[in-house]
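Student: Have a look at this one.
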There are 4 protein chains.
Amino acid sequence: MTIHHLEPQRYYYTFAPHPPALRIRSGDMVIAETMDALGYDAHGQPAPQAMKHRVSGTSLRESNPTVGPIYVEEAAEGDLLAVQIQRIRLTRDVATSAQSAHFGSLTGEVPGLALLYNDPVADLHYEWQLDLERNVGTLELPNSRLGRAEVSLAPFIGTIGVAPRYGRAETTLTPGEYGGNMDCADVCEGATLYLPVWADGAYLAYGDVHAAQGDGELIGTALEVPAEITLQIEVLKGRAAQWPRLENQTDIAAIGSTRPLMNCLRLASLELLAWLVDDYGFDRAEAWQLMSQVVTLRVGNVVDPNYSVVARFPKAYLP
Amino acid sequence: MTIHHLEPQRYYYTFAPHPPALRIRSGDMVIAETMDALGYDAHGQPAPQAMKHRVSGTSLRESNPTVGPIYVEEAAEGDLLAVQIQRIRLTRDVATSAQSAHFGSLTGEVPGLALLYNDPVADLHYEWQLDLERNVGTLELPNSRLGRAEVSLAPFIGTIGVAPRYGRAETTLTPGEYGGNMDCADVCEGATLYLPVWADGAYLAYGDVHAAQGDGELIGTALEVPAEITLQIEVLKGRAAQWPRLENQTDIAAIGSTRPLMNCLRLASLELLAWLVDDYGFDRAEAWQLMSQVVTLRVGNVVDPNYSVVARFPKAYLP
Amino acid sequence: MTIHHLEPQRYYYTFAPHPPALRIRSGDMVIAETMDALGYDAHGQPAPQAMKHRVSGTSLRESNPTVGPIYVEEAAEGDLLAVQIQRIRLTRDVATSAQSAHFGSLTGEVPGLALLYNDPVADLHYEWQLDLERNVGTLELPNSRLGRAEVSLAPFIGTIGVAPRYGRAETTLTPGEYGGNMDCADVCEGATLYLPVWADGAYLAYGDVHAAQGDGELIGTALEVPAEITLQIEVLKGRAAQWPRLENQTDIAAIGSTRPLMNCLRLASLELLAWLVDDYGFDRAEAWQLMSQVVTLRVGNVVDPNYSVVARFPKAYLP
Amino acid sequence: MTIHHLEPQRYYYTFAPHPPALRIRSGDMVIAETMDALGYDAHGQPAPQAMKHRVSGTSLRESNPTVGPIYVEEAAEGDLLAVQIQRIRLTRDVATSAQSAHFGSLTGEVPGLALLYNDPVADLHYEWQLDLERNVGTLELPNSRLGRAEVSLAPFIGTIGVAPRYGRAETTLTPGEYGGNMDCADVCEGATLYLPVWADGAYLAYGDVHAAQGDGELIGTALEVPAEITLQIEVLKGRAAQWPRLENQTDIAAIGSTRPLMNCLRLASLELLAWLVDDYGFDRAEAWQLMSQVVTLRVGNVVDPNYSVVARFPKAYLP
C-alpha cells in the first residue's frame, strides 16, 4: 500500500477521462487539498487561471473545481470502486455561502438559467466564522432578533465521482450514476462510498467540501470550504452496481441522482433493493416489504441540474 | 375543559363539513378509537356497511375510515387549530401491510389507476405480530436468509385533517392544505399539529394509525393498526397559516402535500420561512440562509394522490 | 326532446352535487348564458354577491363561476354523459386577459400561492376588442414595434364538468377525471364531450368560455368572455370511462388532468388505448404501436392546480 | 460555396468534440447518408463493429449512430449555427419500430434502467413497409379488427446536434441545449434549425431519421429509417441563443429539452420570448400576453433521458 500526496496542477470542471493527475494501485491511499466550491484555497486565494481547465458557457462554469482524475490501475468497466473516506480536515476558518440569481431550490430550476418569468432573487454573500477546535460555525444575523447563529460542523465531500457511463462527460455541478455533485451529508469521514466503474482506470476526482449543510442545500450553497482529504481506494472486481452505494457504521445506502426528485427516490430505492437481493439473500418481495418499514430517506441536493436522494437500510436487518 | 369519549356512528372517507359527530369547545379533550386503514377494528372485525359513508368510484374508496368530524365551536376561517397528541394506544397485536396493484412508490402513480403500460405488481398481504409490551413488531420472512425481522414500533396518526379550503371535499387518501393522509411519522405522541381552519367549526377527523413506517411509505402501506387516540384541541384565533405546522420537543416544522414531490418540499420550506419571519423576528434573507444550513427534511408519503414532505427547523435557533 | 332555457340563480365555484338548477331527461337540450372567468356578464357587470356560492379561502375563490348543476334523470354511476356542443355564441365584444402574481406557467405553480422565493410577477390587465362579425380579436401593443395584433377567434368552453369521483368536491379552477377547468381548445362547437358519471344525476355545470387561447394558456388567462351555450345532453348507459373523452369530425380523443404534466399525457394515452381496445377491436400491443405513430397531443392548460393534455387519434384509423 | 459528400468512417454515440470527419466553411453544403437509429443501413446491414465508436455501459449504447462531427471553420462560442435542411431522401423501403423493456413513455423513465418494481413490458419488433412513391407506410395488424394501417410519411431528422456547453459530452440518445435526440417532427425538409455554438468549430453531427412519428414518440421508437440528408450550413456570428431555435414557412420556434416535461415547455417558451424581445422589438410583457394567445406547443419525445417540447409563434405576428 502506497500513500500518495497529490499536488493538483489543474482543476477540472467536468468528470471525464482527462489526462490522469495520478496513477495508483488498488489499496493505495491518496492525500490531497481541495479548493472550495467557488475556487478559493486555504488562504482565500483563487486558483491561477492557468490551472483551470477551460470550458465553454458563461454560467457557473467554474463551480466545484476537482482534483484528479486519479487513474486506478486495476479498475475496469463492471467493477466497483470502494472509496474509504479516512479524513476530512478543514483548512480555513472561514466558510462562504451565497444566495444567487437563478439558483437554489425555490428559484429557477436550471442553474444559471431562468425558468421563470419572475425577476431573479438578489445575489447575497455570507461569511461563516469557523471555530475548528470547538467544531462550530457562526453567522451574524444583524437584521434578525436572534442576532447570530452557531451551527455544529459536520464536514462531508460535496463532489466526488468517476468518468460517467456511455462515454459522457458531465460538469462537476451535476450528480449522476458516476457520483458527482451529490451534496449528500452521508459522504463524510468514516463512510465508504462505492462508485460503479464505467471506464478503465475509473478516473476518480473530487472537491467541494461542505463544513455543514441542511437537507436539500435549499439556498444552493452550504458552508463552502477548502480541505485536506485522505482517501483509501480499492477496486472490487466484478461487483457491478448501477448507482453509487455507501456504507457506514449503521447503514448501507444507495444514492439516486436525476430529475424529477421522485425519480431520485426511485433509483435509490431500486438500487438498495437490488443490493439486498443480490448480496444478502433477500427474497425480492420480502425485501421490498421490509424496506418500506425501515428505510430512511435523506435529500442531498435539490438545486443542481440533477437532484440527489439517499435511501438507507439499517445494518441491523442484514443477516 | 371537558373530556369527550367519542363513539363513532359513521366512518367517513372524505374530509368535508359532514354532520358533526361531536361538538366541543376550545381546550376540550377527545378520546376515540379508530379503525385501521383498511377498515378493521381492534378485534379484526370490519365496520358494518351501514356505518360507512357511501362514495362513488370502486377503487380504494374505503381506505382510511375517519372518526369525526368534530365541530369546534370557536373555530372560524383564519384561525389555527392546535391538536395536541397526548396519547396513541394501539389496540391490536397484529398489524397488516400489503403490496397492491397500481399502488406504491414504484408502481402506477395514481392510486388504483395504472399510469403504466406494464403489468401491475402482484397483490401481497403481510401480517406483523406486535409485542405491545416490548414495543416491537415482527415479520416472518420465510424466503429470505434473514428469516424474520423485528422492528421497533413508533406509532403515529397517518390521517388527520379538517374541512378543506375553497369548499372542496377531499378523500381520506389524499393529503393537502387541510392535513389529511400525510403519513408523516412526526405526527406522533407528544407532538402538536397545527391545522389551518377553512370552515367555521374546523370539522376535525382522523384515523389510520401506523405502528411503524419507513420514510416514504414506499410499498404504499405501513404497519396498519387500530388505536385509541387522546387529543387536546385548542383554537388559536387569527393565527392564519397556509399549510399544516407541527411542533415537538426539538423542532418546529411545516408539512407540504402536493405533486410533484419537489413542490411538497417547496411548500414546506416556504411555510417554515413564513413562520420564522412572522412569529420569530427573522429577516427573510437571513432566515433563508440559516434554514439552508440547519433544516432537516423528512419524506412522509410518496404513494398517495399527493405526496408529503416535512421541513423541520431546530428550536435551538429560535430567539 | 325538450329545450330548456336555464336562468342561473346561483353561480358555483365547486363541482359537487349542489342543489340542481335544472332537471332534464337524456336527449334534452339546454341553453344558458355563462359569465366570463372573472365573473362578469355580457354587459361587463359582475354577478350580485347574493348569487355567488360562498366558499372559504381568499385567493382565486371566485374564478370560473359555473351555471348548473344540471341533474340528468337517467344518469347513474358507471354511465357516460355525452355532451354535444351545438353552439357557443359570444355575448360581448370585449375580452379580458390578465397577468397575475403567483399564477401562470412561468411563475408559482399553485394558483394564488407562491412556490418561489422570488418576487411575484406584476399584475397586468389587458382588453381585447372583439369583432364578432369578422371573428377576430385585436389587442393594442403600444410598447412593441408590432403595434397591434389581430387574432382569429376560436371559442371553446374552458370549464365544464360533473360531480367528481369518491364524493369529492373540487374547485372550478381545477380539472380532473370529472372534467372541470381543462381549458382544452378541442371542447368547441361541433365536438361531443363524454364525461364519466360518478354520482346519480351527473350534476353537469359549466362556464368560462375562451374566445381564443394558445396551447397551455401560458399566462394563465385567455380571451375571457361571457357566452350563450347550447348543449344537447345524452346518457350512454354503462359505457364507463375513467377520464373525459371527446369526439369531433376528424378525431377521437381523451383528456388527462393531473400533475405533473407527464402524467396528464400518460392518463390521456392510456384512456385512448383503452377506448381503442374496448370499443374498436384493437389488439392492445398493436394499438399502442399504431398510436405511437399517429397520435397528436395538445396541451390544454399548464397553470391550474392540475394540468391538462389531450391525446387525439385520427378517425381514419378506426375500423 | 462547396458541396461536400461526407462518407462516414466512424459512427459516434456521443455529441462531443471528436476528431472531425469533415471541415467546411460557412455557407457550404453537406450530403451524407445516415444509418437508422438501430444502426442499420439502406440495405438492412449493420455498421461494422470497427466503425463504431466504443462507449461503456451495456444498455442502448449503440442507439442513434451519428455521422460527423463536421467542423465549421468560422463557428466560435457565442455564434449560432444555421442548418438549413434542404432534403431528406429515404433510402430504404422498410422502416422498423419496436417496443422495448424499460423504454417508452408508459414504462420505466430512464432508458434501459427500470424505475419500477413492476415487470418490464415485452420486447416487440415491427416492420413497416414504405411506398416511397406514394409516400405512405403500412403496417399489418393481424390481431386487430382494422387489419392494416396506412400512414402518411413525414420524414424528419430525429437526432442532430453540436458539441454541448460546459465541455460536456452527451449521448446521442439525449437531447439538450446542443440539440441532440429531440425527435421533433418540425426538424424536417424546408426548415432551418439554429443551434447555439458552444465549442469553436461547432462539431455538428446527425442521424436517426424518422419516416413518420406521432407526438411524443410514445412507444419509444418511430418509423426508423436510413436516409440521405442534404444540409446547407451557415454561421451567424454573435447571435447567441440558449436553446435550439427553428424557422419554417409559417412559424418561428424554440425547442426546450430537459426533465421534467413542464420545464421543457418553460425553456422553450422563455427562449421564444427572448427571441421576440431581442430581435423583433417586442415589449416583454406584451410579447408574453400575445404568446399566451397564439403559441402552439408540440411534444417531441417523452421517452429519452430528456424530453423535448417545441413552442411555435406564427410569423404572421412578426412586425
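The values are calculated or read from the model by the stated rules, or taken from the named source; none is laboratory data. From a predicted model like this one, the values you see are computed outputs, not experimental measurements. Ideal geometry is used to build each Cβ from the backbone, glycine not excepted, and the neighbour counts take in all protein chains shown. Protein only, heavy atoms only, side chains kept; ligands, DNA and RNA dropped before computing areas. Shrake-Rupley method; radii C 1.70, N 1.55, O 1.52, S 1.80 Å.
Student: For residues that are touching a helix residue (DSSP H, G or I) at 6+ places or on another chain (Cβ under 9 Å) and assigned to a strand (DSSP E or B), tally how many sit in the range C:197-209.
Tutor: Selection size over the range C:197-209: 0.
Student: In addition: Among residues belonging to the range B:165-176 that are over 13 Å from the mean Cα position of the chain (by Cα) and assigned to a strand (DSSP E or B), point out the one that is surrounded by the most Cβ atoms within 10 Å (Cβ to Cβ).
Tutor: B:GLU170
Per-residue answers, yes or no, for (1) hydroxyl-bearing (Ser, Thr, Tyr); (2) out of contact with any Leu (no Cβ under 6 Å at 6 or more places or on another chain):
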{"position": "A:VAL225", "(1), (2)": "no, no"}
{"position": "A:THR230", "(1), (2)": "yes, yes"}
{"position": "A:LEU236", "(1), (2)": "no, no"}
{"position": "A:ARG239", "(1), (2)": "no, no"}
{"position": "A:ASP251", "(1), (2)": "no, yes"}
{"position": "A:ILE255", "(1), (2)": "no, yes"}
{"position": "A:PRO260", "(1), (2)": "no, yes"}
{"position": "A:ALA268", "(1), (2)": "no, yes"}
{"position": "A:TRP275", "(1), (2)": "no, yes"}
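Student: Can you pull out the residues in the range B:1-10 that are open to solvent by less than 40 Å² (accessible area, probe 1.4 Å) and under 22 Å from B:PRO164 (Cβ atoms)?
Tutor: B:LEU6, B:PRO8
Student: Of these, B:ARG284, B:ARG266, which one is open to solvent by 30 Å² or more (accessible area, probe 1.4 Å), within 9 Å of another protein chain (Cβ to nearest Cβ) and not hydroxyl-bearing (Ser, Thr, Tyr)?
Tutor: B:ARG284
Residue by residue, here is whether (1) aromatic (Phe, Trp, Tyr); (2) at pLDDT below 95; (3) under 30 Å from D:ASP123 (Cα atoms); (4) in contact with a Gly (Cβ under 9 Å, 6 or more places away or on another chain) holds:
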position	(1), (2), (3), (4)
D:CYS188	no, no, yes, no
D:ASP251	no, no, no, no
D:PRO260	no, yes, yes, no
D:ARG266	no, yes, no, yes
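Student: Tally up the residues in the range C:293-311 that are assigned to a loop (DSSP other than H, G, I, E, B) and open to solvent by 10 Å² or more (accessible area, probe 1.4 Å), please.
Tutor: Qualifying residue count for the region: 2.
Student: Just the residues that are within 14 Å of chain D (Cβ to nearest Cβ) and surrounded by fewer than 24 Cβ atoms within 10 Å (Cβ to Cβ), please, taken from the range C:195-213.
Tutor: C:ALA212
Student: Suppose the filter is modelled with pLDDT of 95 or more and either within 21 Å of C:PRO19 (Cβ to Cβ) or aromatic (Phe, Trp, Tyr) (or both); does C:VAL197 pass it?
Tutor: yes
Student: For the range A:244-260, which residues satisfy the criterion of being more than 12 Å from chain B (Cβ to nearest Cβ), outside any strand (DSSP E or B) and surrounded by fewer than 24 Cβ atoms within 10 Å (Cβ to Cβ)?
Tutor: Scanning the range A:244-260 gives A:ASN248, A:GLN249, A:THR250.
Student: Are any residues in the range C:142-164 under 20 Å from C:HIS18 (Cβ atoms) and either in contact with a Pro (Cβ under 7 Å, 6 or more places away or on another chain) or not in a loop (DSSP other than H, G, I, E, B) (or both), and if so, which ones?
Tutor: Passing the criteria: C:ILE157, C:GLY158, C:THR159, C:ILE160, C:GLY161, C:ALA163.
Student: Now for a different question. What residue, among those in the range A:218-243 that are within 11 Å of A:TYR194 (Cβ to Cβ) and part of a loop (DSSP other than H, G, I, E, B), is farthest from the other protein chains (Cβ to nearest Cβ)?
Tutor: Going through the qualifying residues, I end up with A:ARG239.
Student: Say we look at the range B:177-192 and pick out the residues that are under 10 Å from the mean Cα position of the chain (by Cα) and outside any loop (DSSP other than H, G, I, E, B); which of these is surrounded by the fewest Cβ atoms within 10 Å (Cβ to Cβ)?
Tutor: Looking at residues that are under 10 Å from the mean Cα position of the chain (by Cα) and outside any loop (DSSP other than H, G, I, E, B), I get B:CYS188.
Student: Next question. Among the residues of the range C:246-295, how many are of a type outside the set (Asp, Glu) and in contact with a Pro (Cβ under 8 Å, 6 or more places away or on another chain)?
Tutor: 11
This table checks each residue for (1) touching an Asp or Glu at 6+ places or on another chain (Cβ under 7 Å); (2) more than 9 Å from every other protein chain (Cβ to nearest Cβ); (3) surrounded by 23 or more Cβ atoms within 10 Å (Cβ to Cβ); (4) of a type outside the set (Ser, Thr, Tyr).
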site: C:MET262; (1), (2), (3), (4): no, no, yes, yes
site: C:LEU276; (1), (2), (3), (4): no, no, yes, yes
site: C:MET291; (1), (2), (3), (4): no, no, no, yes
site: C:PRO314; (1), (2), (3), (4): yes, yes, no, yes
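Student: Suppose the filter is open to solvent by 30 Å² or more (accessible area, probe 1.4 Å), at pLDDT below 90, more than 23 Å from A:GLY300 (Cα to Cα) and not aliphatic (A, V, I, L, M); does A:ASP131 pass it?
Tutor: So A:ASP131 does not fit the description; no.
Student: Go through the range B:11-38 and give me each residue that's closer than 30 Å to C:TYR203 by Cα and open to solvent by less than 40 Å² (accessible area, probe 1.4 Å).
Tutor: Selection gives B:TYR11, B:TYR12, B:TYR13, B:THR14, B:PHE15, B:ALA16, B:HIS18.
Student: While we're on this one: Looking at A:ALA47, A:ALA149, A:ALA95, A:ALA154 in this structure, which one is surrounded by fewer than 17 Cβ atoms within 10 Å (Cβ to Cβ), at pLDDT 85 or above and within 14 Å of chain B (Cβ to nearest Cβ)?
Tutor: Going through A:ALA47, A:ALA149, A:ALA95, A:ALA154 in turn, the sole match is A:ALA154.
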